[in-house]
Amino acid sequence: MTDSLCPNGNRRTPLPPAQSSVPGVPSPRSTPQNQHHGRAAPSPAAGDRPAGPAKQRDAFFDNAKFLAIVLVGLGHAWGQILDGNRSVETLYRVVYTFHMPAFIIISGYFSRGFDMSPRRVKRLITGVAVPYVVFEVAYSLHKRFVDHDPQHDISLLDPTYLLWFLCALFVWRLTTPIWKTVRRPLPIALGIALLASMTPTIGNDLNMQRVLQFLPCFVLGLTMRPEHFRMVRRRSVRILSVPVAAAAVAVAWWSVPRMDTAWFYRNNTAQGIGVPWWAGPVVTLALFGCSLVLTACFFAWVPGRRTWFTALGAGTIYGYLLHGFLVKTGSYEGWFHTPVLDRPLGQIGLTVLAAVLMTLLCTRPVQRVLRCVVEPGMEWAFRRDAAESARERVQREPSGPGAEREQQEQREQREQREKVTA
């Protein structure tokens, strides 16, 4: 608006300030050129960057994400050879106690800036909803052709295999404003999880049991601050984590013949597992406590400096979505029934192979090829934010060809008004 319409001199009506994340908090999805972790912008979806020089990504979070996603791959590989193998199942239970909680806590931490603004809703859609639809169709077609099951239905309400996490992340992020508003978010979320563990009528749509039972981990991430991560990375915590992890392995070994593995998936109720209803809240609460302890141990040993795998932390969503095709193909084709996997050497080889494949799936070449479906831009599908467009126009004006002429006209108009006033 020019001076002719503004009585306060040669000034434009100020535009709404650009939305930026809370200090130290990234937004849902970062662009490949400039992602931020733990400081201003998030991954799996790009961050909203304030004006000024770009900040570097926090190596700790990239390292933690990569190590967590490798554990996800190891867990899925071990899950195919559990029958009668107590040693593998012991490690499997330890990993399943904390690997997804750790990943979900990080996701919650990087969702603190989510505020239902058009920009962040767009990134939630392109970074979570669209990949879910694409990969749900892809996994369903994969089962039809590789498993020779032409009758297998494509259902967006029944997530295939590992796609439950995208459903959960979508729901969790949509509810973020609620958790940022209520006074005691973590106890409320924990209460919801306990109720879900004994409510069979919730059903399987969008895998809501997992959405609700893992909800406290996400809400915990929302409430955390950088100092909380620094606290668990102290040397004393790192030393203490060694006997704690050893005790966890011992307890897991003891639990193999005494506890159903289904508890660790958080996708069923007590009644569905075949135990009294009151066991649901008890075991859910116990698993939540164990998850927090082992997640703290995990974070304590995550390097805070840049390492050879730090850059791979930006591609963990690729490794997560793609490795399921390999695991499912092996399951359909019977690869995991090879006799060599019954021996320790074969199990070690499978572990190494799973870690290598997860690493390769997180690399930049894979990201470049599949970015169009995992992190699509889709500018054509969304309305342009008026305030953002105006800010960009104002920023371009000083270097435009008519900028000096417009400024001269504004000065002349101001001088004329001053004469009239005099």
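Where a number appears in this text, it was derived from the coordinates with a stated rule and is not lab data. Note that the structure is predicted; figures quoted are calculated from it, not measured.
Can you give the log10 of the normalised intensity I(q)/I(0) at q = 0.07, 0.14, 0.15 Å⁻¹, computed with Debye over equal Cα scatterers of region 59-383?
-0.28, -1.29, -1.52
Can you tell me the relative contact order of region 119-167? Whole percent, Cα pairs under 8 Å, sequence separation 6 or more. Show your work: numbers first, answer last.
Numbers: 28 pairs, mean separation 21.0, N = 49.
Rounded, it is 43 percent for region 119-167.
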